[in-house]
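One structure is given here, and the rest of the page talks about it.
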Amino acid sequence: MPGRKARGLLLVVSSPSGAGKTTLCNRLRDEFPNLGFSVSYTTRPPRPGETDGVEYNFVTQPTFQEMIARDEFAEYAMVHGNMYGTSAKRVGEVIETGRDLLFDIDYQGGRQLRHKFPEDVVLVFILPPSIRELERRLRGRGTDSNEVIERRVRVAREELRHYDEYDYLVMNDHIERAYDALRAVYLSQTHTRARLAALAEHVLSGQEQLL
Ligand code: ADP
Ligand code: 5GP
């Protein structure tokens, strides 16, 4: 909840590559500027237009391995042949401040975060209308080579099988409808009694209004 004293939410959004999760997550971040974004570490090379520290923190394989050895990741996994991981420090800081944090990570990462933070994690899976449409979107995006696109389409089926580990499914056929659904999940999850109990207690205590 922006600006309120509440327990922070860890909102995980996953999908096969090309289903539209970056587009949907960016819209959510635009509408809710207080929603933090977990910038992952990756060994994947930057795509044209990507900036170190913005979309990802781009690191070498040895650096990534050192970070694993120092236990610096809240979760990490190999996805499409590259390593990706979430900074444990950042997650810890955000949980303490009560801010909400958005993660664009795969099912392996979602599973690890749920295991570590069962009270705080909400998992949303974005479905493409079909595998064929997924491929069309990857080609239309124009950021990956033919070989990379073919690999991503091949593993899409494997990733889709994990939909049953998620709390919510959002079909991204029409972007507006999909965004409305994602927004509804976020808003409803930030208004649960468990998350806002501290707020109710504050009102009950008779103290001044919290900002
Ligand atoms: P992901 O982050 O899941 O890999 P992106 O958000 O990059 O996917 O979307 C892949 C491509 O599909 C982008 O070019 C995006 O503009 C497009 N796209 C996203 N949602 C839709 C939609 N509902 N209909 C058509 N194209 C879409
Ligand atoms: P891309 O290379 O297209 O940006 O991302 C490829 C896949 O890696 C996506 O499914 C994305 O959600 C996933 N991913 C990105 N960052 C992380 C992370 O920190 N951890 C995990 N487990 N997956 C990630």
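Values in this text are rule-based calculations from the coordinates and carry no lab data. A quick note: this is a predicted structure, and the numbers were derived from the prediction, not measured. Every residue, glycine as well, gets a Cβ built from its backbone with ideal geometry; the counts of neighbours run over all protein chains shown.
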If the chain between Arg177 and Glu119 were fully stretched, how many nm would it gain, using 0.36 nm times the residue separation less the Cα-Cα distance? 18.1 nm
Just report the Cα centroid separation between segment 31-49 and segment 99-144, whole Å. 13
Taking the Cα centre of the chain as the origin, how large is its charge dipole in debye, to the nearest 20, when only Lys and Arg (+1) and Asp and Glu (-1) carry charge on their Cβ atoms? 280
Which far-off residues, 5 or more places away or on another chain, put their amide H under 5 Å from the one on Ala74, with H placed in the peptide plane? Thr86, Ser87, Ala88
Peptides 99-108, 7-16 ordered by average Cβ neighbours within 10 Å, highest first: 7-16, 99-108
Looking at the chain as a GNM with Cα springs under 10 Å, which of Glu50, Glu165, Glu75 has the largest mean-square fluctuation? Glu50
In nm, what is the difference between 0.36 nm times the number of residues separating Asp30 and Asp71 and their Cα-Cα distance? 11.6 nm
Expected output is a single nm value to one decimal: the length gained when fully extending between Glu201 and Thr97, i.e. 0.36 nm times separation in residues minus the C-alpha distance. What is it? 35.6 nm
Which ³J(HN,Hα) values, rounded to whole Hz and listed in residue order, are derived for segment 48-60 from phi using the Karplus coefficients 6.51, -1.76 and 1.60 in 6.51 cos²θ - 1.76 cosθ + 1.60 with θ = phi - 60°, glycine and proline given as x? x, x, 8, 10, 4, x, 9, 6, 8, 9, 8, 10, 7
Please give, to one decimal in nm, the separation of the simple spin-label points placed at Ser188 and Glu158, each 7 Å out from Cα toward the Cβ. 3.3
Could I have the simple spin-label model distance between Arg136 and Val148, label points 7 Å from Cα toward Cβ, reported in nm to one decimal? 2.3
